[in-house]
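Asks: Mind having a look at this structure? Questions to follow.
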Amino acid sequence: MMRLALTTVMLTALATPALAQTKVLAESLVRMHAGVARNVVEAAEKMPEAEFAYQPSKDVRSFGGFVGHLANSAYSYCSRAKGEANPNKEDFEKPLAKAALVTAIKGATAYCDAVYKTMTDAALSEMVTMGQSQQPRGQILVQNISHTNEHYGNLVTYMRMKGLVPPSTERATAPRPGGN
């Protein structure tokens, strides 16, 4: 029994440095972020300029307002996870032209891409300050993905109300090579 316990402790101690460098979870977050970020960028590119001001009711954001909100939020979440001050000093939720908002969401996506790609599984468990509390970096990055998915849903609804097929649906229904 003692030999089994000692062997378990030794194997755990030997494996811990190797586990600290793994990226299994980190790489899954990279893929999740890339998927939803692609959807948002492509939705912003596809929506006509005139529809960026579209707002189904006065108590909700416009299409452009959601794109700007997502850019602002991505910079905020990813800078916190990275442990640095937010590099974005602009407020993209102010009414801006389509070109400026597409540039903003692409910039925020590129910034976050770099943050996600530097993470290891061990780094995802490190605690960083988020408001008045401490949270694991991974939790902040998952919150970013969740928040982006939530508002991509808003963008999809607005696009459908304007007769447009969202980018994720276009890809899912596109013919595949080989007819499958």
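Asks: Does ALA74 satisfy the condition of being within 23 Å of MET47 (Cα to Cα) and not aromatic (Phe, Trp, Tyr)?
Replies: In short, yes.
Asks: Here's a check for you: in the stretch 139-180, which residue that is crowded, with 17+ Cβ neighbours inside 10 Å and among the hydrophobic types (A, V, I, L, M, F, W, C) is nearest to PHE66 (Cα to Cα)?
Replies: Among those residues, the one meeting the criterion is LEU155.
Asks: Would you point out the residue of the stretch 129-177, among those that are without any contact (Cβ under 8 Å) to a residue 24 or more places away in the chain and closer than 19 Å to ALA108 by Cβ, that is farthest from the chain's Cα centre (by Cα)?
Replies: The extreme case among them is GLY153.
Asks: Against the condition assigned to a helix (DSSP H, G or I), free of Cβ contacts under 8 Å to residues at least 40 places away in the same chain and surrounded by fewer than 17 Cβ atoms within 10 Å (Cβ to Cβ), how does ALA104 come out, does it pass?
Replies: no
Asks: ALA114: exposed (fewer than 12 other Cβ atoms within 10 Å of the Cβ), closer than 20 Å to THR148 by Cβ, at pLDDT 95 or above and of a type in the set (A, V, I, L, M, F, W, C), yes or no?
Replies: It is true that ALA114 is exposed (fewer than 12 other Cβ atoms within 10 Å of the Cβ), closer than 20 Å to THR148 by Cβ, at pLDDT 95 or above and of a type in the set (A, V, I, L, M, F, W, C).
Asks: Still on this structure, please answer the following. For the stretch 130-168, which positions are modelled with pLDDT under 95 and part of a loop (DSSP other than H, G, I, E, B)?
Replies: Answer for the stretch 130-168, where residues must be modelled with pLDDT under 95 and part of a loop (DSSP other than H, G, I, E, B): GLY131, GLN132.
The values are calculated or read from the model by the stated rules, or taken from the named source; none is laboratory data. The structure displayed is predicted, hence computed values, not measured ones. FYI the Cβ positions are ideal-geometry reconstructions off the backbone, even for glycines, and counts take in every protein chain you see.
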